[in-house]
Amino acid sequence: MAAAATFGLRSINSNTWLHKFGARTAAASIRSRSFTIAASISPIEDTEDIQLNVISKEDVRETVRSTGSNNNDRSSKSYYPKRGQTLELVCESLAFKGKGVCKVADTGFVLMCDRALPGERFIGRVTRKKDNYAEVKKLKTITPHFDYVEAPCEYASHCGGCKTQNLSYEAQLKAKEQQVHDLVVHVGKFSVQDPEFAGAMKPIVPCDIQFHYRNKMEFSFGPKGWVPAEQLQENSTDECGYALGLHAPGFFDKVLNVNKCLLQSDSANEVLATVQECWRDPELGLSPWNVHSHSGFLKHLMLRSGRNIETGFPELMVNFVTSSDNPERLRPLVEKITTIPEVVSIVNNVNTSIGNTSVGEKEHTLYGKSTITETLRGLTFQISANSFFQTNTQQADILYKLIEDCAFLKGDGSEIVLDLFCGTGTIGLTLAQRVKHVYGFEVVAQAVSDARQNATLNCINNATFIEGDLNKVDATFASNLPKPDIVITDPNRPGMHIKLIKFLLNLRASRIIYVSCNPATCARDLNYLCYGVPEQNIEGHYRLSSLQPVDMFPHTPHIECVCLLELR
């Protein structure tokens, strides 16, 4: 037998309002305090279908930092399992992207396991070994995780989207809130002893609707459907016929057949089921795209939901993404789909590249209109097949209200707002009617065009949208604009480039509202803005006044944050 090492569970403190959900008996709270490493059973077979949803080196580094572990301590070799070794582990918390974290008690060495949930005791096999962490594939659950619930979706165990569907929603909230707290403390270097920080950290805002909240879903066509290993029958292959659904976790070329997704609307599911019923008919001659041979016709099926601004009734857009320009081949599918009352738009995006993106070089309107509409914070937005719009409309309304609250507008319409990474202008436009002017910057040309159209649609004349790459700002950036009172920045996952951070620190606007979809890079940027970058002689000028996590996407690992920074 291999030498034993002890694994321990870290105690997580929840906010007061969550205590009623997180209470457990004394026995449950202390059970499984330590487990032993089992001896290696067998090496990994080369043909084994290991599903890895690998996170980036930066995310792993920040996860390790956020847990406060020291993976550089090599005092005991037994604490560093080898690739192929089988272990008995316990998950103590969730890392960003939803991976379960297991740690060696004495050294804090981190093992990351996809689909492991807090409190779960399981058998896992080391699939990847790095210097400062290891990745584990869960083979068998010994003791289920805390806060277990039955997942209502039949694909929950295999689809890469809803990784925490069988974890109670209250526990999901608690885990997400703790992730944000840990990252801001360990990556952002904000002290828990500082009463100013304690007052800034807010409890997470839950999502009232936990299913059917997405207004956009994209499904992929594939030549061979993927079947999870545990569902394979003896003497069967690991693949079935043509597939329409979602990509298997970690694979760009394997598609899991999906007939119904509980995250989208009932009418969208009706469209999906209708397409599934007929698209494989040999008489139609419709072939799915093959990413290896670069052949086939159907690439993606995108479904977008909106509302008619006059009636309030739902409207649905169906977008077929094809590899060639031949819209007539879609006519039989169009005839089937138009029997669904909510469908008001059917379009065909033609993408002739070998890539697997859904944005086309050409678009045909096959039925109805080319756009649908949606309302947000009292404004109307036109949504085309390729335009960006917040995926959870109802929760976006709450998110934008939080942004408005952080702006602390005077009410006299005197403020200048600089809206960075403005997308289609939704945030800036919701503030425009209460300020002097909004200046928005965005690198995507189509998004800038949509933002201008949205301003015109809502009769807003005090918003200017400019195309520009915010990762390449220089000394002349925004020099021809008046100094803003408020800066809103909503970067994508990598966060802000150091050039943009330098610009903001030199600009010294009174308030910065940082909206983030990645708490790891958000914590890093907050640190730079508040404490500077000493090694580059950059001085910080802000204090963190408020940090508000928001759950935009229940059952997924994604977390949104709204942060208010005020000039010192």
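The values are calculated or read from the model by the stated rules, or taken from the named source; none is laboratory data. All figures in this text were calculated on a predicted structure; none of them were measured in a lab. Cβ atoms come from the backbone with ideal geometry, glycine included; neighbour counts cover every protein chain shown. Just the protein is used for accessible areas: all its heavy atoms, side chains included, with ligands, DNA and RNA removed. Shrake-Rupley method; radii C 1.70, N 1.55, O 1.52, S 1.80 Å.
Percentage of Cα-Cα pair distances in the stretch 448-561 greater than 18 Å, rounded to whole percent?
Summing the P(r) tail past 18 Å for the stretch 448-561 gives 59 percent.
List every residue whose amide H lies under 5 Å from the amide H of residue 488, counting only residues 5 or more places away in sequence or on a different chain, with H placed 1.01 Å from N in the peptide plane.
Correct list: 418, 419, 420, 513.
What is the diffusion coefficient of the stretch 85-146 in µm²/s, taking the Kirkwood radius over Cα pairs and the Stokes-Einstein relation at 10 °C with a viscosity of 1.306 mPa s?
142
Might you report the magnitude of the Cβ-based charge dipole of the stretch 306-362 about its Cα centre, with Lys and Arg at +1 and Asp and Glu at -1, to the nearest 20 debye?
120
Please compute the volume of the convex hull spanned by the alpha-carbon atoms of the stretch 477-528 and report it per residue in Å³.
Values: hull volume 4.0 nm³, N = 52.
That works out to 77 Å³ per residue.
What percent of all Cα-Cα pairs in the stretch 362-480 falls into each 10 Å bin, going from 0 up to the bin containing the maximum distance?
In order of increasing distance, the bins hold 13, 42, 34, 10, 2 percent.
For residue 226, tell me the accessible area in Å² from a 1.4 Å probe, rounded to the nearest 10.
Here the residue's solvent-accessible area equals roughly 10 Å².
Return one whole number: the accessible area per residue of the stretch 85-146 in Å², for a 1.4 Å probe.
28
P(r) for the stretch 347-414, please, calculated from all Cα pair distances in 5 Å bins and given in %.
3, 13, 16, 16, 14, 12, 10, 7, 6, 2, 0
Can you pull the accessible area of residue 511 for me, 1.4 Å probe, Å² to the nearest 10?
It works out to around 40 Å².
Hey, what D do you get for the stretch 146-304 in µm²/s if you plug the Kirkwood alpha-carbon radius into Stokes-Einstein at 10 °C and 1.306 mPa s? Walk me through the numbers before you get to the answer.
Details: Rh = 18.6 Å.
Once the numbers are plugged in, D ends up at 85 µm²/s.
Taking the Cα centre of the stretch 85-146 as origin, sum charge times position over the Cβ atoms of Lys and Arg (+1) and Asp and Glu (-1), and report the length of that vector in debye to the nearest 20.
With Lys and Arg at +1 and Asp and Glu at -1, about 280 debye.
Using Cα positions and a limit of under 25 Å, work out the lysines in reach of residue 410, with same-chain residues fewer than 8 apart set aside.
The reachable lysines, counting only those whose Cα sits under 25 Å from residue 410, are 202, 401, 436, 483.
Give me P(r) over the stretch 295-423, computed from all C-alpha to C-alpha distances, binned every 5 Å, as integer percentages.
2, 9, 17, 18, 15, 12, 10, 7, 5, 3, 2, 0
Might you report the magnitude of the Cβ-based charge dipole of the stretch 314-460 about its Cα centre, with Lys and Arg at +1 and Asp and Glu at -1, to the nearest 20 debye? Spell out each step's value before the answer.
Details: 11 positive and 16 negative charges, 23 e Å.
It comes to approximately 100 debye.
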